[in-house]
Structures are given as C-alpha cells and as structure tokens.
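In what follows, a structure is listed as structure tokens, so that the remarks can point back to it.
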Amino acid sequence: MNLAHIYYQQLKYELAIKSLNKLYQHSGYMNADPLIRLKINIGELMIRFDNREFDIIGYRLKQVLKDNKEVL
C-alpha cells in the first residue's frame, strides 16, 4: 500500500496500480478490515481517474459497490 502511495505521488500511476494489484492478491488482504479494503478500493479509483481510465472506473465502481455493500 505504501509503495502504491509513493508511486501515486510521483505520478507513476501504472506502477501504483500494479502495486495495488499485488496487494489484492496477498493472502492478508481478505483478512483486513472491510473499511480498510474499501479505502484501498477508493484509492484505486482515484488513481485510475487521474490516469484517465474512465472505462475501467465504471467497471471497477460496480465491483466496489457490490463487494462493499455491507460497509456502505
């Protein structure tokens, strides 16, 4: 997560997304608090917005809403 944040600050959006994808595949991610997972997902959407990946944002937003229904 920290690496993704550093890449985001350096405007290296693709590397930030790759770091988040590695985080999603980590075994501890699903054991994390649901609110933390929601914040990570929102961070991904922010990165994709800054990188102008609007088609992916629409798709991921539906996934985020579905996966975090109980938190929202």
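Nothing in this text is a laboratory measurement; each read-out follows from the coordinates by a stated rule. Please read these numbers as outputs of a predicted model, since none were measured by experiment. Reconstructed Cβ throughout: ideal geometry from the backbone, glycine too, with neighbour counts over all protein chains shown.
What to note about this one:
- Label reach from residue 56 (point 7 Å along Cα→C-beta): in the stretch 1-20, amide nitrogens under 16 Å belong to 4-5, 7-9, 11-20.
- Helical mean residue ellipticity (222 nm; -39500 (n - 2.57) per DSSP H run of 4+; nearest 500) of the chain: -23000 deg cm²/dmol
- Residues of the chain were split at every exposed loop site, defined as trypsin sites (Lys or Arg not before Pro) in a DSSP loop with at most 12 other C-beta atoms within 10 angstrom, and the longest piece left, sites excluded, is 1-51.
- Gaussian network model of the chain, Cα within-10 Å springs - most flexible of 42, 17, 56: 56
- Relative to the current alpha-carbon distance between residue 68 and residue 46, full extension at 0.36 nm per residue lengthens the span by 6.2 nm.
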